[in-house]
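The structure under discussion appears below in the form of structure tokens.
The values are calculated or read from the model by the stated rules, or taken from the named source; none is laboratory data. No experiment lies behind these values; they were computed from the predicted model shown. Note that each Cβ is placed from the backbone with ideal geometry, even for glycine, and that neighbours are counted across all protein chains shown. Accessible surface areas use protein heavy atoms only, side chains included; no ligands, DNA or RNA. Shrake-Rupley method; radii C 1.70, N 1.55, O 1.52, S 1.80 Å.
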Amino acid sequence: MSIEQALIERSSNQCELCAATDNLTVYEVPPVTEAHSDKCIYTCQTCKDQIEGNSDLTPTHWHCLNDSMWSQTPAVQVVAYRMLTQLAADNGWAQDALDMIYLEEDTLTWAQQALAEDDDIKHIDSNGVVLQAGDTVTLIKDLDVKGSSLTAKRGTAVRNIGLTSNPEHIEGRVDGQRIVILTKYVKK
């Protein structure tokens with residue numbers, strides 16, 4: 001059976017992201033070492049163009065990820081994670097969805113692999129160690145959180161950090177609040 005036939009059967013002949021039924025095509029989820037249906041998704045041209053950067057992102061179109069992020073197919077989960085990551089900076093709903101998504105460890109590694117390749121920015125902690133998305137760091141100083149009465153105490157572990165476009169900032173949850181932390185105040 002060809003890859004396209006396997007994807008048509010798996011997807012019920014609809015886009016695996018937005019459920020559209022027109023202009024469907026195979027999208028190989030990078031990095032691709034060998035062509036296989038487990039490394040591809042069946043997607044509409046609208047989704048494919050925006051994933052590949054051939055057209056501007058339309059945030060309202062990507063509300064479909066609220067459903068597709070729960071797919072049991074790792075390739076669909078990877079694309080949903082990557083698109084939510086791109087949208088999260090400007091769209092609160094995307095950040096909320098990103099906070100809820102659950103990926104197996106190998107699927108998360110795959111999802112973050114292309115994001116790391118796209119990003120030449122290095123986030124470095126107070127000891128000069130390079131930080132990666134998903135790392136756990138410890139605060140080395142009490143930090144007052146702006147716009148809140150919260151003080152993040154020294155020694156607090158911040159798990160599953162997120163990286164930002166600014167190499168001096170990371171994102172993490174402290175006492176249930178998602179905050180931006182300066183990298184010079186954390187150690188891995």
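Taking the range 1-51 as the range and being of a type in the set (Asp, Glu), open to solvent by 60 Å² or more (accessible area, probe 1.4 Å) and over 22 Å from residue 108 (Cβ atoms) as the test, the residues that pass are 4, 9, 22.
The single residue among 5, 77, 50, 95 that is touching a residue at least 40 places away in the same chain (Cβ under 8 Å) and assigned to a helix (DSSP H, G or I) turns out to be 95.
The set of residues in the range 151-187 that are over 25 Å from residue 105 (Cα atoms) and in a loop (DSSP other than H, G, I, E, B) comprises 153, 154, 155, 166, 168.
For the structure I just gave you, tell me whether residue 42 is in contact (Cβ under 8 Å) with a residue 40 or more places away in the chain, part of a strand (DSSP E or B) and out of contact with any Gly (no Cβ under 7 Å at 6 or more places or on another chain). So residue 42 fails the test. Mind listing just one residue for me: the one in the range 52-62 that is closer than 19 Å to residue 84 by Cβ and not charged (D, E, K, R) and, of those, surrounded by the most Cβ atoms within 10 Å (Cβ to Cβ)? Among residues in the range 52-62 that are closer than 19 Å to residue 84 by Cβ and not charged (D, E, K, R), the one surrounded by the most Cβ atoms within 10 Å (Cβ to Cβ) is 62. Given the criteria in contact (Cβ under 8 Å) with a residue 40 or more places away in the chain, open to solvent by 40 Å² or more (accessible area, probe 1.4 Å) and under 14 Å from the mean Cα position of the chain (by Cα), does residue 89 qualify? Yes: the conditions hold for residue 89. If the condition is being at pLDDT below 85 and in contact with a strand residue (DSSP E or B) (Cβ under 8 Å, 6 or more places away or on another chain), then the range 108-126 contributes 119, 121, 122.
The residues on offer are 108, 103, and the sole one that is within 19 Å of residue 163 (Cβ to Cβ), among the hydrophobic types (A, V, I, L, M, F, W, C), out of contact with any Leu (no Cβ under 8 Å at 6 or more places or on another chain) and assigned to a loop (DSSP other than H, G, I, E, B) is 103. Being buried (at least 20 other Cβ atoms within 10 Å of the Cβ) and without any contact (Cβ under 8 Å) to a residue 24 or more places away in the chain is a description that does not apply to residue 65. Residue pairs whose Cβ atoms lie under 7 Å apart, sitting 6 or more positions apart in sequence or on different chains, and linking a residue in the range 173-187 that is in contact (Cβ under 8 Å) with a residue 40 or more places away in the chain to a partner that is polar (S, T, N, Q) and open to solvent by 20 Å² or more (accessible area, probe 1.4 Å), are 184/126; 185/126; 186/126; 186/138; 187/126; 187/127; 187/138.
Those residues that are aliphatic (A, V, I, L, M), closer than 24 Å to residue 82 by Cβ and exposed (fewer than 12 other Cβ atoms within 10 Å of the Cβ), I need them from the range 122-172; list them, please. Matches in the range 122-172: 130 only. Only one of the listed residues (131, 108, 103, 98) is at negative phi and over 13 Å from the mean Cα position of the chain (by Cα). That residue is 131. Looking only at the range 68-79, residues that are over 16 Å from residue 133 (Cβ atoms) and open to solvent by less than 50 Å² (accessible area, probe 1.4 Å) come to 7 in all.
Give the range 127-150 a look and list any residue that's at pLDDT 90 or above, in a loop (DSSP other than H, G, I, E, B) and among the hydroxyl-bearing types (Ser, Thr, Tyr), or say none. Once the filter is applied, which keeps residues that are at pLDDT 90 or above, in a loop (DSSP other than H, G, I, E, B) and among the hydroxyl-bearing types (Ser, Thr, Tyr), the range 127-150 yields only 136.
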